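To start, the structure under review is shown below, and the notes come after it.
The values are calculated or read from the model by the stated rules, or taken from the named source; none is laboratory data. None of these values were measured; they are calculated from a predicted model. Glycine also receives a Cβ, built like all others from the backbone with ideal geometry; neighbour counts cover every protein chain displayed. These accessible areas exclude ligands, DNA and RNA; they are computed on the full protein's heavy atoms, side chains included. Shrake-Rupley method; radii C 1.70, N 1.55, O 1.52, S 1.80 Å.
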Amino acid sequence: MSRTLGVLISGRGSNLQVILDAIDEGRLDAYVAIVISNKNDAPGLERARKAGATTAVLSHEDYDSREAFDEAVLGRLSEHDVEVVCLAGFMRILSPVLVRAFPNRILNIHPSLLPAFVGLHAQKQAVEHGVKVSGCTVHLVDEELDHGPILLQQTVPVLEDDTEETLSARILEQEHKLYTEAIRLVLDGKVRVDGRRAIIET
Ligand code: GRF
């Protein structure tokens, strides 16, 4: 497998930054061929440019359907020979167009212990539900939201006085450790998928 990544973002891009830094510092053997944002004001775009990565903005509002937007994204990823796609705060649900083009080669990071608290504001959901432990999950992307086979998870305790903000900050610290580790496993061919289970071969 080539080690060429495409990263899709919509906002802040702190997970993107960690990937770029890990590559720059020699901790992750990979190459970010393109960073695509569906928002032209995503701060993550500037992070990508500073790291010398190619960027593209494709606004979903310019397309008639989810599939048409995904075809355009797929076009860019293909142009750059992307092998593995990393969703890093990409706030769009993928259609089968993208999922089928990269079977078990799209990763997402989500700020909860899936399958708990899918969708938006996972940390707020955790605080409001009163769970004592939450965390983050890196999973392979399938055609359902926050659903595909789980690669890695990290727990984070929920404290009595946690707010959405304080919990989010502590989960984010763990996200930043987990994502590069998961990307490395996939690029190294260490992941075998058996139904819902992603088996890590050591
Ligand atoms: C992270 O919490 C990630 O888990 C979720 O969206 C957020 C993106 O943050 N999918 P950033 O843009 O990587 O800083």
Within the group His110, His121, which residue is surrounded by 19 or more Cβ atoms within 10 Å (Cβ to Cβ), within 16 Å of the ligand (Cβ to nearest atom) and under 19 Å from the mean Cα position of the chain (by Cα)? His110
When you go through Arg66, Arg49, Arg92 one by one, which is the residue that is surrounded by fewer than 18 Cβ atoms within 10 Å (Cβ to Cβ) and under 11 Å from Ile9 (Cα atoms)? Arg92
Condition broken by Arg196, with the remaining ones in (1) open to solvent by less than 40 Å² (accessible area, probe 1.4 Å); (2) over 12 Å from Ser112 (Cα atoms) satisfied: (1)
Verdict on Val186 being within 16 Å of the ligand (Cβ to nearest atom), outside the structural domain of Ser14 (by TED's automatic domain parsing) and surrounded by 15 or more Cβ atoms within 10 Å (Cβ to Cβ): no
How many of the residues in the stretch 140-170 are within 12 Å of the ligand (Cβ to nearest atom) and either in contact with a Pro (Cβ under 6 Å, 6 or more places away or on another chain) or assigned to a loop (DSSP other than H, G, I, E, B) (or both)? 3
Selected residue (only one of Gly6, Gly11 is in contact (Cβ under 8 Å) with a residue 40 or more places away in the chain, open to solvent by less than 10 Å² (accessible area, probe 1.4 Å), farther than 18 Å from Leu178 by Cβ and outside the structural domain of Glu144 (by TED's automatic domain parsing)): Gly6
For the stretch 22-38, what are the residues that are open to solvent by 10 Å² or more (accessible area, probe 1.4 Å), touching a residue at least 24 places away in the same chain (Cβ under 8 Å) and either among the charged types (D, E, K, R) or not in a strand (DSSP E or B) (or both)? Asp24, Arg27, Asp29, Ala30
